[in-house]
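A quick write-up on the structure given underneath.
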Amino acid sequence: MDIKTVCAGLLTFGEASGYEIKKLFEDGTFSGVYDASFGSIYPALTRLAEEGHVLCRAEEQQGRPDKKVYSLTPKGRAHFIAELSRGIQPDKVRSEFAIATIFAHLLPRAVIAAYIDQQIEEHRAALARLDLAECDPSSAMTNLRFAIGFGRVQLNAAIDYLESHRGMLEASAVPPDDEAVAVSGVKHA
């Protein structure tokens, strides 16, 4: 699903600025589900406005430029529902951690352990963000509770797997005597 469609979907919950939409991707309901930058959000909102799918109004702010606040039009809502109903593509995963695990046999044990610890901490932080999202009044909606619960199950399963199977990956590490070779690529005599 493209960013334009996702932005339209976010506006079904109510009006928002580009900054507020970005915060939903970073810390809110969409954290860990969809990655979007200001460089993709603002052009998407501009295109939605040009197509008549959103309205944009300026909201005055003291000592700062006016804030643009976007709201979904009935045409935009109908278009979003049509796009959402067309079907979904398989999830695409981009994980540097997964790539590092594939090549773990080339890394020192301490590096592998640090990557596993980092991954566990990132998952715990994501769980904490889900806890905050669940406290949001809009999370009373059954569909949002489902999505938050689904995310929580995935994160807890990943943490459990990492904690109980980390030894498997750490055992594949470069033996301590070969760590210098692993890092430099040169074996000293």
Cβ pairs under 6 Å, 6+ apart, first in the range 19-32 and within 12 Å of A147 (Cα to Cα), second at pLDDT 80 or above and among the charged types (D, E, K, R): S31/R129
Test: F38 is surrounded by fewer than 17 Cβ atoms within 10 Å (Cβ to Cβ) and either assigned by TED's automatic domain parsing to the domain that holds Q61 or under 13 Å from the mean Cα position of the chain (by Cα) (or both): yes
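Mind telling me which of the residues A16, A49 ends up being surrounded by 14 or more Cβ atoms within 10 Å (Cβ to Cβ) and either in the same structural domain as L130 (by TED's automatic domain parsing) or touching a Cys at 6+ places or on another chain (Cβ under 6 Å) (or both)? Outline the logic, then answer.
Working: A16 fails: either in the same structural domain as L130 (by TED's automatic domain parsing) or touching a Cys at 6+ places or on another chain (Cβ under 6 Å) (or both).
Being surrounded by 14 or more Cβ atoms within 10 Å (Cβ to Cβ) and either in the same structural domain as L130 (by TED's automatic domain parsing) or touching a Cys at 6+ places or on another chain (Cβ under 6 Å) (or both) holds for just one of A16, A49, which is A49.
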Meets criteria (closer than 25 Å to S31 by Cα, in contact with a helix residue (DSSP H, G or I) (Cβ under 9 Å, 6 or more places away or on another chain) and of a type in the set (S, T, Y)) for T101: yes
Count of residues meeting criterion [closer than 22 Å to V54 by Cβ, among the aliphatic types (A, V, I, L, M) and at pLDDT below 95] in the range 65-93: 1
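Is it the case that E96 is of a type in the set (D, E) and either surrounded by 16 or more Cβ atoms within 10 Å (Cβ to Cβ) or modelled with pLDDT under 95 (or both)?
Details: of a type in the set (D, E): yes; either surrounded by 16 or more Cβ atoms within 10 Å (Cβ to Cβ) or modelled with pLDDT under 95 (or both): yes.
The answer is yes for E96.
Before we move on, is A58 free of Cβ contacts under 8 Å to residues at least 24 places away in the same chain, out of contact with any His (no Cβ under 7 Å at 6 or more places or on another chain) and surrounded by 15 or more Cβ atoms within 10 Å (Cβ to Cβ)?
Working: free of Cβ contacts under 8 Å to residues at least 24 places away in the same chain: yes; out of contact with any His (no Cβ under 7 Å at 6 or more places or on another chain): yes; surrounded by 15 or more Cβ atoms within 10 Å (Cβ to Cβ): no.
Here the answer is no, as A58 does not meet what is asked.
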Unique match (being of a type outside the set (D, E, K, R) and at pLDDT below 95) among A114, A128: A128
Identity of the residue in the range 1-58, in a helix (DSSP H, G or I) and acidic (D, E), that ends up modelled with the lowest pLDDT: E26
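This table checks each residue for (1) surrounded by 15 or more Cβ atoms within 10 Å (Cβ to Cβ); (2) farther than 29 Å from T12 by Cβ; (3) touching a Ser or Thr at 6+ places or on another chain (Cβ under 8 Å).
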| residue | (1), (2), (3) |
| --- | --- |
| H105 | no, yes, yes |
| I120 | yes, yes, no |
| A147 | yes, no, yes |
| A157 | no, yes, no |
| Y161 | no, yes, no |
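So is I81 surrounded by 12 or more Cβ atoms within 10 Å (Cβ to Cβ) and either within 24 Å of F13 (Cα to Cα) or touching a helix residue (DSSP H, G or I) at 6+ places or on another chain (Cβ under 7 Å) (or both) or not? Quick ask: steps written out before the conclusion?
Numbers: surrounded by 12 or more Cβ atoms within 10 Å (Cβ to Cβ): yes; either within 24 Å of F13 (Cα to Cα) or touching a helix residue (DSSP H, G or I) at 6+ places or on another chain (Cβ under 7 Å) (or both): yes.
The answer is yes for I81.
The values are calculated or read from the model by the stated rules, or taken from the named source; none is laboratory data. Nothing here was measured: the structure is a model prediction, and the numbers come from that model. All Cβ positions, even for glycine, are placed from backbone atoms using ideal geometry, and neighbour counts span all protein chains on display.
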